[in-house]
Amino acid sequence: MMRMRSAFSAFSLVVATVFLCAASGSAADERLRIEVTPRISQAPAQVRIRAIVTPSAENRGLRIVADSGEFFRSSYLALDGADAAPITDTSFKNLPGGEYEVSVTLVDSQGHATTVDRLTIMVTSSGK
């Protein structure tokens, strides 16, 4: 019985760790990480998206998207390879209510997506 409890506790710890890593916006590799603030806001919302990128000669752009299924906004920011700033900030204004997937895609010199990081945010409707 003790062995089963110990195995269950270990399993629970692994599941919780995986969930927290997925929820925090961690990219699969560490070339790109995003932060979005605020994570919960009221419409019309302004959200700040910060992309933290490991400098590389291949880095040529960031594609930033906020998509709720009902509303879509995107932006593309050019990067200057290894000379680009490691932190890039942008913001989206006037987002209407909805649950948004905010994603940032790192684009290489060939125009291909190399790394994507995502977070989910909630914009509540004002109820007017």
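Restricting attention to segment 80-102, report how many residues are of a type in the set (G, A, S) and either closer than 18 Å to T54 by Cβ or modelled with pLDDT under 95 (or both).
The total comes to 4.
When segment 114-125 is examined, which residues are found to be at pLDDT below 95 and either of a type in the set (D, E) or not in a strand (DSSP E or B) (or both)?
Of everything in segment 114-125, just one residue is at pLDDT below 95 and either of a type in the set (D, E) or not in a strand (DSSP E or B) (or both), namely S125.
Scan segment 99-119 residue by residue and report those that are under 12 Å from V47 (Cβ atoms) and out of contact with any Lys or Arg (no Cβ under 8 Å at 6 or more places or on another chain).
Of everything in segment 99-119, just one residue is under 12 Å from V47 (Cβ atoms) and out of contact with any Lys or Arg (no Cβ under 8 Å at 6 or more places or on another chain), namely Y100.
Enumerate the strands (runs of 3 or more DSSP E) found wholly within segment 35-113, keeping only those where 2 or more residues are exposed (fewer than 14 other Cβ atoms within 10 Å of the Cβ).
Ranges flagged: 40-42, 45-53, 72-78, 87-95, 98-107.
Considering V47, V104, which residue is touching an Asp or Glu at 6+ places or on another chain (Cβ under 7 Å) and hydrophobic (A, V, I, L, M, F, W, C)? Lay out the reasoning, then the answer.
Numbers: V47 fails: touching an Asp or Glu at 6+ places or on another chain (Cβ under 7 Å).
Answer to the check: V104.
Are there any pairs with C-beta distances below 7 angstrom linking a residue in segment 41-67 that is within 28 Å of T124 (Cβ to Cβ) and touching a residue at least 12 places away in the same chain (Cβ under 8 Å) to a residue that is assigned to a loop (DSSP other than H, G, I, E, B) and of a type in the set (A, V, I, L, M, F, W, C), with the two at least 6 apart or on different chains, and if so which?
Hits for this filter: L62/L79.
The values are calculated or read from the model by the stated rules, or taken from the named source; none is laboratory data. Predicted model only: the values in this text are computed from it and were never measured. Cβ atoms come from the backbone with ideal geometry, glycine included; neighbour counts cover every protein chain shown.
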